[in-house]
Amino acid sequence: MIDFHCHLDLYPDPGAAVRRAVEARVYVLSVTTTPKAWRGTSALAEGCGRIRTALGLHPQLAHERHRELSLFEGLLPETRYVGEVGLDGTPGFRAHAAVQRRVFEAVLTMSARQGGRVLSIHSRRAGDEVLDCLRRHPGAGTPILHWFSGTVAQLRRATDQGCWFSVGPLMTRSASGRALLRELPRNRVLTETDGPFAEDGGRPLRPEDAGTMVAALATAWNMEEEAVADRLLGNLRRLSDSMPEPVPRSGLAT
């Protein structure tokens, strides 16, 4: 199983969330929302070979945490994963669009200077704006649009720009989400939960819940579940091989 976008540090009991993921043998990308959270979140995954921790500055926090960009830059050489970053165009955060864009552009510039990173990107109601930024920074790395909820036309544009996609169970609950699943480039798809923010029946989704997406994608793609699982694992391996692991100065898992 693969959960390529999960907030392990934000579960009520982060240690228990890590133990469950390890026991279920889930490959996890543990994203962070602020640079200050990265050290502690990385420590959660110490010794866990299937968990990687991404360095993030969430767009919904950009107006409050933009002064942490210097810390972000200092930490960036220690990990090849960046996330959660991006833009958020929902009504509650539209007023902060300028600072969001400034932060996101800075993150892309820093990533390009470091030779590129794997980027887990938030693009809610800001699909075209995110794609415009990515086009201006082609050396930033491999963009993975997490929980993409734009239009089919935007998805096709993102595909043309080389984007990947991480998809989770809540996308299967609407006709528009299922339509997007059918259009995904199958060689650039990974699964996710976005737990603990995403919930099922009032319970936060956990990394081990990402496995339900195999059946959903098998239906969307008209494939056998085993073939879908093999495809997803192959995608993860190809992404993992795309750039070497850094050597963390701190000795913590990246």
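The values are calculated or read from the model by the stated rules, or taken from the named source; none is laboratory data. Every value quoted in this text rests on a predicted model; they were computed, and no experiment measured them. All Cβ positions, even for glycine, are placed from backbone atoms using ideal geometry, and neighbour counts span all protein chains on display.
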Looking at this structure, is residue 111 touching an Asp or Glu at 6+ places or on another chain (Cβ under 9 Å) and within 28 Å of residue 63 (Cβ to Cβ)? no
Segment 203-221 residues that are more than 11 Å from residue 2 (Cβ to Cβ), paired with ones that are aromatic (Phe, Trp, Tyr) (beta carbon under 7 Å, 6 or more apart): 204/11
Every residue from segment 157-173 that is polar (S, T, N, Q) and in contact with a strand residue (DSSP E or B) (Cβ under 6 Å, 6 or more places away or on another chain): 166
Can you spot a residue in segment 24-41 that is closer than 30 Å to residue 228 by Cβ, of a type in the set (Val, Ile, Thr) and in contact with a Leu (Cβ under 6 Å, 6 or more places away or on another chain)? no
Given the conditions (1) on the phi > 0 side of the Ramachandran plot; (2) surrounded by 19 or more Cβ atoms within 10 Å (Cβ to Cβ); (3) not aromatic (Phe, Trp, Tyr), report the number of the one that residue 25 does not fulfil. (2)
Residues of segment 63-74 being of a type outside the set (Asp, Glu) and under 16 Å from residue 111 (Cβ atoms), which ones? 69, 70, 71, 72, 74
So residue 191, is it of a type in the set (S, T, N, Q) and under 15 Å from residue 145 (Cβ atoms): yes
Subset of segment 156-179, residues of a type in the set (A, V, I, L, M) and either within 16 Å of residue 85 (Cβ to Cβ) or surrounded by fewer than 21 Cβ atoms within 10 Å (Cβ to Cβ) (or both), comes to 158, 170, 175, 179
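Going by what's in this entry, would residue 42 be described as without any contact (Cβ under 8 Å) to a residue 24 or more places away in the chain, assigned to a helix (DSSP H, G or I) and farther than 22 Å from residue 235 by Cβ?
On the way: without any contact (Cβ under 8 Å) to a residue 24 or more places away in the chain: no; assigned to a helix (DSSP H, G or I): yes; farther than 22 Å from residue 235 by Cβ: yes.
Here the answer is no, as residue 42 does not meet what is asked.
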Scan segment 132-149 for residues that are of a type outside the set (S, T, N, Q) and outside any helix (DSSP H, G or I) and jot them down. 137, 138, 139, 140, 141, 143, 144, 145, 146, 147, 148
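Considering only helices (runs of 4 or more DSSP H) fully contained in segment 49-116, which possess at least 3 residues that are at pLDDT 95 or above and closer than 16 Å to residue 37 by Cβ?
So the answer is 62-65, 69-75.
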Which one of the conditions (1) closer than 17 Å to residue 3 by Cβ; (2) without any contact (Cβ under 8 Å) to a residue 12 or more places away in the chain does residue 173 fail to meet, given that it meets all the rest? (1)
Looking at this structure, is residue 37 in a helix (DSSP H, G or I), within 17 Å of the chain's Cα centre (by Cα) and surrounded by fewer than 24 Cβ atoms within 10 Å (Cβ to Cβ)? yes
For segment 226-235, the count of residues that are over 12 Å from residue 186 (Cα atoms) and surrounded by 14 or more Cβ atoms within 10 Å (Cβ to Cβ) equals 0
